[in-house]
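Written out below as C-alpha cells is the structure these notes cover.
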Amino acid sequence: MKKGKHMKHLTKEEFIKIEREKARRLKDTRWWRRRLEKGICYYCGRKVPREELTMDHKIPLALGGTSSRENIVPSCKECNTKKKTLPPWEWEEYLAKLKGKKGEEGFEGGNSES
Ligand SMILES: [Zn+2]
C-alpha cells in the first residue's frame, strides 16, 4: 500500500502535515526517548526536566526542513519559544551568546564536576 516515491506535487500545507506526522511517530522511538532521558537542550546545553523538553525542528518545516533525525533536536521551552518568536538574526545572536557563555560559566558555585 505504501508508495516509496515522493510526491512532487505536494502543497506546502500537505508537506508540513506529513512531516508533523512523522515527527509524532519519532516521539515514540527509543532514539527520541534516549534524548529525553539525557535531558539536555540542544541549543543552550542546559539540563532540563524531561517534561520541559520539546521536540524542535532545527530547520522549521515551514522552511522546508524535514522530520529526519538530523533535523530534530530536543529543546527547552525557553529556547523553543525564542526560536519561534525571535526573528532569525536575533535567534542567531542568542545562540552566539549561549555559545560564548558556556565556556565561562564558572559562577554556579560548588562545582563538583571537574
Ligand atoms: Zn535551551
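Here, each number is a calculation from the coordinates, and none is a lab measurement. What you see is a predicted model; the values in this text were computed from it and never measured. Methodologically, a virtual Cβ is constructed for each residue, glycine included, from the backbone with ideal geometry; neighbour enumeration extends over all protein chains shown.
Things to note:
- Derived scalar couplings between HN and Hα for the range 14-22 equal 5, 4, 4, 4, 5, 5, 4, 4, 4 Hz in order, rounded to whole Hz, by the Karplus curve 6.51 cos²θ - 1.76 cosθ + 1.60 (θ = phi - 60°), x for Gly and Pro.
- Neighbour-count ranking [beta-carbon atoms within 10 angstrom, fewest first] of His9, His57: His9, His57
- Each Cα pair under 8 Å and six or more residues apart adds its sequence gap; the mean of these over the residue count of the range 12-99 is a relative contact order of 26 percent.
- Under the combined filter of DSSP loop state and at most 13 neighbouring Cβ atoms within 10 Å, the range 18-82 retains these GluC sites (Glu not before Pro): Glu70.
- Sites Glu93 and Phe15, calculated FRET efficiency, Cβ-Cβ separation with R0 25 Å, nearest 0.05: 0.25
- Sorted by Cβ neighbour density within 10 Å, fewest at the top, the residues Asp28, Asp56: Asp28, Asp56
- Among Thr81, Thr11, sorting on how many other beta-carbon atoms sit within 10 Å of each Cβ, with the fewest leading, yields Thr11, Thr81.
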